[in-house]
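The values are calculated or read from the model by the stated rules, or taken from the named source; none is laboratory data. Nothing here was measured: the structure is a model prediction, and the numbers come from that model. Glycine also receives a Cβ, built like all others from the backbone with ideal geometry; neighbour counts cover every protein chain displayed. Remember, those area values only see protein heavy atoms, side chains included, never the ligands or the DNA or RNA. Shrake-Rupley method; radii C 1.70, N 1.55, O 1.52, S 1.80 Å.
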Amino acid sequence: NFDPTMLFVCSDKDPNHTHDKCYNIIKNTLKSPNTLNKSLTHIFQYMGAWGQFNPQDKNIIRVNIPFDQYLNKILAIKLHISQDPPPVPGTDPRDFTERAIAYNKCPNEPNRYYEYFKYTNIDSFVA
């Protein structure tokens with residue numbers, strides 16, 4: 001039996017609206033009383049290459065990523081070959097790897113990276 005307490009959901013707005021569609025499917029599924037896991041209480045939203053959170057927002061959580069794990073993230077982005085080069089680059093001409101590095105790096109400490117999540121409880125998420 002699997003009863004997760006946390007769910008991570010991509011919440012940026014990509015040009016093809018794929019992330020938005022997935023976000024809405026998850027949200028609508030969680031609204032159904034038949035599918036809501038009672039132990040699921042924490043929703044952590046993250047951004048892909050198409051958006052950034054305002055770090056000043058009170059619901060934003062910054063998590064330090066160890067350098068070796070961050071290298072795995074960059075490798076995973078590079079292995080997503082259907083997105084290199086981005087088929088729909090939007091207004092940002094950089095590739096996804098450059099975007100991730102710019103968004104995640106700590107400006108004052110070399111080789112230190114952060115990931116940002118927006119915390120929402122389940123009731124607020126499905127409202």
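Some notes on this structure:
- Figure legend. Inter-residue proximity from segment 45-70: first residues free of Cβ contacts under 8 Å to residues at least 24 places away in the same chain, second residues in a strand (DSSP E or B), beta-carbon distance below 8 Å, spacing 6+ or different chains. Indicated pairs: N54/I60.
- Put simply, of N54, N16, N1, N64 the only residue that is modelled with pLDDT under 90, open to solvent by 40 Å² or more (accessible area, probe 1.4 Å) and either small (G, A, S) or under 16 Å from K118 (Cα atoms) (or both) is N54.
- Checking segment 98-107 against the condition returns no match, with no residue being in contact (Cβ under 8 Å) with a residue 60 or more places away in the chain, β-branched (V, I, T) and farther than 21 Å from M6 by Cα.
- Scanning segment 1-35 for residues that are free of Cβ contacts under 8 Å to residues at least 12 places away in the same chain and in a loop (DSSP other than H, G, I, E, B) returns N1, F2, H17, S32, P33, N34, T35.
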